[in-house]
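Visitor: Encoded as structure tokens, here's the structure I'll be asking about.
The values are calculated or read from the model by the stated rules, or taken from the named source; none is laboratory data. Note that this is a predicted model, so its numbers are computed, not measured. Cβ coordinates were reconstructed from backbone atoms using ideal geometry, including for glycine residues, and neighbour counts include every protein chain displayed.
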Amino acid sequence: MFKKRITFKIILFLIASDFLETFLQFCFKKSTLNAENLSITTFHDIILFLKSVTSSYYLWAALISVMLIFVIWSTILSKIDLSVAVPIASFSYILVPLTSIIFLHEKINSLRWFGIIFILMGIIFTSLSSKERIEQKDES
């Protein structure tokens, strides 16, 4: 069995994946802002909501991002293990809140920041344990 290495190209793909994921979330949010005052209680309200959302260029940008992420992520997973790729590609946990603050003027309280930091610590520990497991496998 060959050893899967993280190349510079894979790192660039992982970074691109994170930024596209952040852009995707931003676009999905922006596509719904026109419909935020709609109360969805009837089938007619659902139709109005869908018309509002699908008329937004942001929705279409988000859908294009989904396709690009699929291609990039498929390429990444063909080169490295999933257990290695996911922790590395988790910077969107920071990028999405930062984007929300900067471009959507959302407020993020300290408890939520603590939760984000806690998740990132878990990702770091997970990726370190994956690295340790790979090194142990290489030694045997």
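Visitor: Which of the residues belonging to the range 80-93 are touching an Asp or Glu at 6+ places or on another chain (Cβ under 7 Å) and part of a helix (DSSP H, G or I)?
Guide: The answer is Ser92, and nothing else.
Visitor: Across the range 99-125, what is the number of residues that are part of a helix (DSSP H, G or I) and either free of Cβ contacts under 8 Å to residues at least 40 places away in the same chain or under 22 Å from Ser83 (Cβ atoms) (or both)?
Guide: Final tally of qualifying residues: 18.
Visitor: Shifting gears a bit: Return the only residue of Leu68, Leu77 being more than 15 Å from the chain's Cα centre (by Cα), within 30 Å of Arg5 (Cβ to Cβ) and outside any loop (DSSP other than H, G, I, E, B).
Guide: Selected residue: Leu77, the only one of Leu68, Leu77 that is more than 15 Å from the chain's Cα centre (by Cα), within 30 Å of Arg5 (Cβ to Cβ) and outside any loop (DSSP other than H, G, I, E, B).
Visitor: Would you confirm, using the coordinates I've provided, whether Val96 is among the aliphatic types (A, V, I, L, M) and more than 21 Å from Phe28 (Cα to Cα)?
Guide: Spelling it out, it is not the case that Val96 is among the aliphatic types (A, V, I, L, M) and more than 21 Å from Phe28 (Cα to Cα).
Visitor: Give Phe26, Phe43 a once-over and let me know the one that is among the aromatic types (Phe, Trp, Tyr) and either within 26 Å of Leu128 (Cα to Cα) or surrounded by 13 or more Cβ atoms within 10 Å (Cβ to Cβ) (or both).
Guide: From the options Phe26, Phe43, the qualifying one is Phe26.
Visitor: Only one residue in Leu77, Leu63, Leu20, Leu12 is surrounded by 16 or more Cβ atoms within 10 Å (Cβ to Cβ), within 28 Å of Ile123 (Cβ to Cβ) and modelled with pLDDT of 90 or more, so which one is that?
Guide: Of the residues listed, the single one that is surrounded by 16 or more Cβ atoms within 10 Å (Cβ to Cβ), within 28 Å of Ile123 (Cβ to Cβ) and modelled with pLDDT of 90 or more is Leu20.
Visitor: Of all residues in the range 6-30, how many are in contact (Cβ under 8 Å) with a residue 12 or more places away in the chain and either of a type in the set (Lys, Arg) or more than 30 Å from Ile101 (Cα to Cα) (or both)?
Guide: Residues flagged as in contact (Cβ under 8 Å) with a residue 12 or more places away in the chain and either of a type in the set (Lys, Arg) or more than 30 Å from Ile101 (Cα to Cα) (or both) within the range 6-30 amount to 4.
Visitor: Something else about it: In this structure, is Val96 surrounded by 16 or more Cβ atoms within 10 Å (Cβ to Cβ), in contact with a Phe, Trp or Tyr (Cβ under 8 Å, 6 or more places away or on another chain) and in a helix (DSSP H, G or I)?
Guide: yes
Visitor: Any residue at all in the range 34-45 that is of a type in the set (D, E, K, R), modelled with pLDDT under 85 and farther than 20 Å from Lys4 by Cβ?
Guide: Among the residues of the range 34-45, at least one is of a type in the set (D, E, K, R), modelled with pLDDT under 85 and farther than 20 Å from Lys4 by Cβ, which makes the answer yes.
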